[in-house]
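Have a look at the structure below before the remarks.
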Amino acid sequence: MLKIEHLKKTYPKSDRLAVNDISFELNPGEIFGFLGQNGAGKSTTIKCLTGILPFDGGTIEICGHDIAKDPIAAKMEMGYVPDNHSVYEKLTGREYVNYVADLYKVSLEDRNARLEHYLDLFRLRFAVDRQIKAYSHGMKQKICIIAALIHEPKLWVLDEPMMGLDPQSTAEIIAHMREHCRKGNTVFFSSHNLDLVKKLCDRVAIINDGQLIDMFDLKNNEANKANLEERFFKITGTYEKRLFEDYVAQESADMRPDLPVDEEPAAVTEE
């Protein structure tokens, strides 16, 4: 689904590699978490693989298509949800989704059927014909997700998708991430939420100072799940025994029963 080999990226007027010789592959049917502190290189990597940024070395292939040599074919296989939900806010939700569907050459029949499905799934039917500038943060995030999925991409890329979302919206997105992978597709997302990553991801990679430091399995591996926080803090150079113990204790106090993410969420009122 995604193959990155020896990726390097330096920003203009900087002598530091923002991404330094990163290589990894994603498999069909998996949810892959991409972890790191702010400035570690997560968003830069994502912007390179989505074709937003050029890069200085290495190769990136999306479903066998080289993003540098054949960007259109590569992007046709991918759906991207940015961390800032950038949209044309003067359009209505329906107009924006139709605009994206046109770019991906989605037939009128397919786009209408998929839009109807996602409006119910994400509880956005009441707002789809309103201008996006009137949407809440969560509603903007949902319309970006619908637009990213309207062409049924094989690779779904999300940059901090849960930031600022309420628990109901988070549960809806998690449910569809799992459903997307059950169809044989792949989800790649960055996150600061280690507890969410433990519950959701099959594999995870930790990046620090532009370098991929560690990559390991979480699915059916309770030892790796239990050690994720300590491993992350030590790799990123932020481990302090006192702070780590406080973090884990607070996380345990905040834990609630898992949301029934494989079921349809209960009805909610307008946001």
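Just so you know, all these numbers are worked out from the coordinates, no wet-lab data involved. Source: prediction; values computed, not measured. Note that we place each Cβ from the backbone using ideal geometry, even for glycine, and neighbour counts take in every protein chain shown.
Numbers for the structure displayed
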| quantity | calculated |
| --- | --- |
| Over the chain: helical MRE at 222 nm, DSSP H runs n ≥ 4 each giving -39500 (n - 2.57), nearest 500 | -11000 deg cm²/dmol |
| Viscosity 1.306 mPa s, temperature 10 °C, Stokes-Einstein D of segment 60-187 from Kirkwood C-alpha radius, µm²/s | 106 |
| Tail beyond 36 Å, pair distance distribution of the chain (Cα, percent) | 15 |
| Of the GluC sites (Glu not before Pro) in segment 1-99, those whose Cβ has at most 15 other Cβ within 10 Å and which sit in DSSP loop | Glu89 |
| Distant alpha-carbon pairs in segment 8-102 (separation over 24 angstrom), percent | 32 |
| Mean separation of Cα contacts under 8 Å (6+ apart) over length of segment 87-152, as relative contact order % | 53 |
| Simple spin-label estimate for Leu165 and Asp21 in nanometres, 7 Å along Cα-Cβ | 3.6 |
| Residue among Tyr99, Leu121, Ala134 farthest towards the positive dipole end of segment 87-152, charges placed on Cβ | Ala134 |
| Cut-off 11 Å, label 7 Å out along Cα→Cβ of Tyr99, residues of segment 130-168 by amide N | 132-133 |
| Loop trypsin sites (Lys or Arg not before Pro), segment 6-48, which have at most 14 other Cβ atoms in a 10 Å radius of their Cβ (DSSP) | Lys13, Arg16 |
| Nitroxide proxy distance, nm - points 7 Å out along Cα→Cβ at Asp70 and Ser14 | 3.1 |
| Max mean-square fluctuation residue, GNM over the chain, Cα-Cα springs under 10 Å, options Gly36, Gly164, Gly237 | Gly237 |
